[in-house]
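Worksheet: one structure, shown below.
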Amino acid sequence: MSFSSVDANTAAYELYKFEPGAPMNDYAIDSVMASASMPAVFPYVIREGKTLIDGGSVWNTDLVSAVEMCRATGAADNEITVDVVLCSGANIETLPNVENKNTFGHLMRFLAINSYVSSLADVTTVTSAFPGVTLRHFIAPSKALPSGMIPLDFNADAIAEMIATGKADAKNALSMASGELFALHKEAMDRKAAGDLKVDIDQLIEAKLASKKN
């Protein structure tokens, strides 16, 4: 078990590891708090002269550390299986006339693009870095999740919609063969990068599921 954070003073990536079943003492709780310290949303954590903030500031999905921790136990790459659950960033809407947005609108679009590219890049990097590792289930939002002007406002209707989306995406992931969803998300990302503005991950998933029924 590990929790990541970033030292805001130096931009250094910090990984705090704990043995499975270890008690959640104050040090472990502070590690969790630091890992969740989203800038402008939750306060930072001071530890050992470091100002710790959300690890996602550097690495949204740290699969490399997960693989390395498995290797440290003596496991060979072909004995390692990775499942990934993303909470955001796996899909991005194509918008017309972005030039007509105001400055705040451009900022929000930048954040959406950055989340999309960095989230999937973390996953595809592992695909090439560890070819012997089995990337099995990839559960990620197939559509944009509801959000408002206030982040993490815990609106009951929005939460219910996100739970329903998560259940549907998990069901689709478990109905596919090992690695299929990883491949579909990479295809969508590559096609968008090549200029295919109409490609949609949800449509690719629906087409794959339909082909399995035929």
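The values are calculated or read from the model by the stated rules, or taken from the named source; none is laboratory data. What you see is a predicted model, and the numbers here were worked out from it, not measured in a lab. Please note: Cβ atoms are built from the backbone with ideal geometry, for glycine as well, and neighbour counts cover all protein chains shown. Quick note on the areas: whole protein, heavy atoms, side chains included, nothing else; ligands and nucleic acids left out. Shrake-Rupley method; radii C 1.70, N 1.55, O 1.52, S 1.80 Å.
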Stretch in the chain that is longest and holds no GluC sites (Glu not before Pro) that DSSP places in a loop and that have at most 14 other beta carbons within 10 Å: 94-214
With all protein chains modelled, accessible area of residue 13 [1.4 Å, Å²]: 60
Farthest toward positive dipole pole in the range 160-214 [+1 Lys/Arg, -1 Asp/Glu at C-beta], among 165, 179, 199: 179
For the range 194-202, Karplus couplings with θ = phi - 60° (6.51, -1.76, 1.60), whole Hz, Gly/Pro x: 7, x, 7, 7, 9, 5, 9, 4, 4
Global geometry of the range 1-67, whether rounded, prolate or oblate, following the gyration tensor of its Cα atoms and the 1.5 cut on a/c: oblate
Whole-angstrom gap from the range 44-89 to the range 154-195, using each part's C-alpha centre: 21
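Multiply the residue separation of residue 59 and residue 167 by 0.36 nm, subtract the distance between their alpha-carbon atoms, and state the gained length in nm to one decimal.
Residue separation times 0.36 nm, minus the Cα-Cα distance, leaves 36.3 nm.
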List 125, 73, ordered by accessible area with a 1.4 Å probe, largest first: 73, 125
Inter-label distance, nm, simple model (7 Å from Cα along the C-beta direction), residue 40/residue 144: 1.8
Mean projected area (nm²) of the alpha-carbon convex hull when the range 44-135 is viewed from all directions: 8.7
Calculated P(r) over Cα pairs in 5 Å bins from 0, in percent (choose from [x] 1, 6, 12, 15, 18, 18, 15, 9, 4, 2, 0, 0, 0; [y] 1, 6, 11, 13, 15, 16, 15, 12, 7, 3, 1, 0; [z] 1, 7, 14, 17, 18, 14, 9, 7, 6, 4, 2, 0, 0), label: [x]
Protein-only accessible surface order, largest first, of 113, 139 at 1.4 Å: 113, 139
Chain lengthening between residue 102 and residue 186 when straightened (0.36 nm per residue, less Cα-Cα): 27.1 nm
Rounded accessible area of residue 83 (nearest 10 Å², 1.4 Å probe): 80
Förster radius 30 Å - calculated FRET efficiency between residue 121 and residue 51 (Cβ-Cβ, nearest 0.05): 0.70
Accessible surface of the chain [probe 1.4 Å, protein heavy atoms]: carbon and sulfur percent: 59
Gyration tensor verdict on the range 108-196 (Cα atoms; rounded if a/c is under 1.5, prolate if a/b is larger than b/c, oblate otherwise): oblate
Average accessible surface area per residue within the chain, 1.4 Å rolling probe, Å²: 60
